[in-house]
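Each remark here refers to the structure printed beneath this line.
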Amino acid sequence: MPIVLKPFRALIFSLALAALGCHAQIPAETSGKLSPELARRVEVLIRSKSSVPADFDMQISPRTKSDVPGFDQIIVTFTADGKSSKPVTFLLSADGKTLAQFNKYDISKDPKLLVSGDGRPGRGGPANAPVLIVGFDDLECPYCAKMHEQLFPALTQRYKDQVHIVYRDFPLDQHPWAVRAAIDTNCVGAQSATGYWNLVDYIHAHAAEMGGDEKSLARANDTLDSLARDEGKRQKLNSDALNACIVKQDDTAVKASTKLGESLGVDSTPALFINGEKIEGALPLEYVYRMIDNALIASGQTPPPPPPTPPAPAKPETPAATKPGN
């Protein structure tokens with residue numbers, strides 16, 4: 001029987017255990033072995049707080065040195081039907097009166113490096129702008145289209161060169177022509193960032209006209225290919241290279257982008273990463289402003305003043321009472 005604990009028991013299977021050394025081998029010496037009385041207090045507490053079933057055996061290691069002052073660490077393993085859990089690390093105070101567990105994370109890396117904009121057409125400020133906004137986008141997604149229409153003009157107008165914006169592909173399975181749209185825009189983007197964003201702007205603005213069922217899929221694909229070729233002509237791109245890219249429909253890069261998004265916890269669109277901080281769904285613009293402002297301040301930059309609050313609509317005047325005889 002596999003050992004499975006309910007979500008309530010997350011105390012036991014914390015993701016941070018590896019950082020605390022839970023997979024390290026336990027020293028063979030027994031000088032730190034818990035007394036039977038102390039081991040029972042530890043076991044009773046863990047079982048009660050984590051609802052460990054009675055048929056789960058619990059093994060508690062000797063004390064070993066931890067990196068938390070005043071605490072040693074003990075390793076607890078659960079066994080049932082011959083199956084063992086991963087080792088779980090707890091902290092035990094030197095006086096044996098306190099049992100603790102906490103999550104430990106490495107924050108030494110800049111969150112901005114979590115997902116990069118390398119190799120993607122950008123808009124807004126330069127690639128080294130203090131704030132990098134990476135959007136995982138589906139060109140057939142109506143919510144993405146709404147965000148695209150409202151959000152990015154506001155950001156580029158307010159922050160100008162302080163933000164650099166790129167899109168990464170995340171076409172959803174339920175959108176039949178989203179992969180084609182991603183490939184075609186990338187074919188244009190390989191030669192022109194301006195052409196890429198012109199095409200993205202147009203597709204998002206007119207996605208509803210292309211249809212989304214199987215009957216209209218061929219028409220949508222033809223329309224996307226024509227739009228890409230027309231934009232290539234406007235940007236004076238190498239037509240042979242562009243046509244070859246459109247005909248080939250190589251989805252390797254699109255799949256890699258989707259896999260990257262999934263590794264970052266993206267499961268829906270739109271999803272944005274603002275210097276590594278994820279934001280999903282359609283949130284009010286002031287929330288996005290706040291995240292960008294905080295990222296600017298952390299980078300030693302001064303955010304621009306907040307946009308003026310639009311005036312409240314005027315209340316209609318109460319009509320004057322009609323005088324008798326008028």
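Could you pull the Rg and Dmax for the range 111-298, using just the Cα atoms, both in Å?
Looking at the range 111-298, its Cα Rg and Dmax stand at 16.0, 51 Å.
Tell me, what HN-Hα J-couplings in whole Hz come from the Karplus equation 6.51 cos²θ - 1.76 cosθ + 1.60 at θ = phi - 60° for each residue of the range 294-309, using x for Gly and Pro?
Working through the residues one at a time gives 5, 5, 5, 4, 4, 8, x, 9, 9, x, x, x, x, x, x, 6 Hz.
From the phi of every residue in the range 85-96, what ³J(HN,Hα) in whole Hz does the Karplus formula 6.51 cos²θ - 1.76 cosθ + 1.60 yield, where θ is phi - 60° and glycine or proline is x?
These are the phi-based 3J(HN,Hα) values: 6, 5, x, 10, 9, 10, 10, 10, 5, 4, 8, x Hz.
As a footprinting exposure proxy, order V166, V266, V44 by other Cβ within 10 Å, with the fewest listed first.
Working: V166 23, V266 20, V44 10.
Fewest-to-most ranking of V166, V266, V44: V44, V266, V166.
Take C245, C187 and order them by how many other Cβ atoms sit within 10 Å, fewest up front. It would help to have the intermediate numbers written out before the result.
Values: C245 20, C187 28.
Fewest to most other Cβ atoms nearby, the residues stand as C245, C187.
What length, rounded to one decimal in nm, is gained on full extension from Y202 through to N294, with 0.36 nm per residue of separation minus their alpha-carbon distance? The partial results should precede the final answer.
On the way: separation 92, 0.36 × 92 = 33.12 nm, distance 3.16 nm.
Using 0.36 nm per residue and subtracting the Cα-Cα distance, I get 30.0 nm.
Just to be sure I understand: of the beta bridges DSSP finds with both ends in the range 111-298, what percent are antiparallel, rounded to 5?
Working: 11 of 18 bridges.
Counting only bridges with both partners in the range 111-298, antiparallel ones make up about 60 percent.
Counting other C-beta atoms within 10 Å, which of K33, K109 has the fewest, and how do the rest follow? Could you put the intermediate results ahead of the total?
On the way: K33 13, K109 9.
Ranking K33, K109 by Cβ neighbours within 10 Å, fewest first, gives K109, K33.
How big is the gap, in Å, between the Cα center of the range 37-71 and the Cα center of the range 108-159?
First find each Cα centre; the distance between them is then 47 Å.
For the range 216-232, just list the computed ³J(HN,Hα) in residue order, Karplus coefficients 6.51, -1.76 and 1.60, θ = phi - 60°, integers in Hz, with x standing in for Gly and Pro.
Residue by residue, the range 216-232 yields 9, 4, 4, 5, 5, 5, 4, 5, 4, 4, 5, 4, 5, 5, 5, 5, x Hz.
Each reported figure results from applying straightforward, stated rules to the coordinates on display, with no laboratory input. Treat the numbers as computed from the prediction; the structure is a model and nothing was measured. Cβ atoms come from the backbone with ideal geometry, glycine included; neighbour counts cover every protein chain shown.
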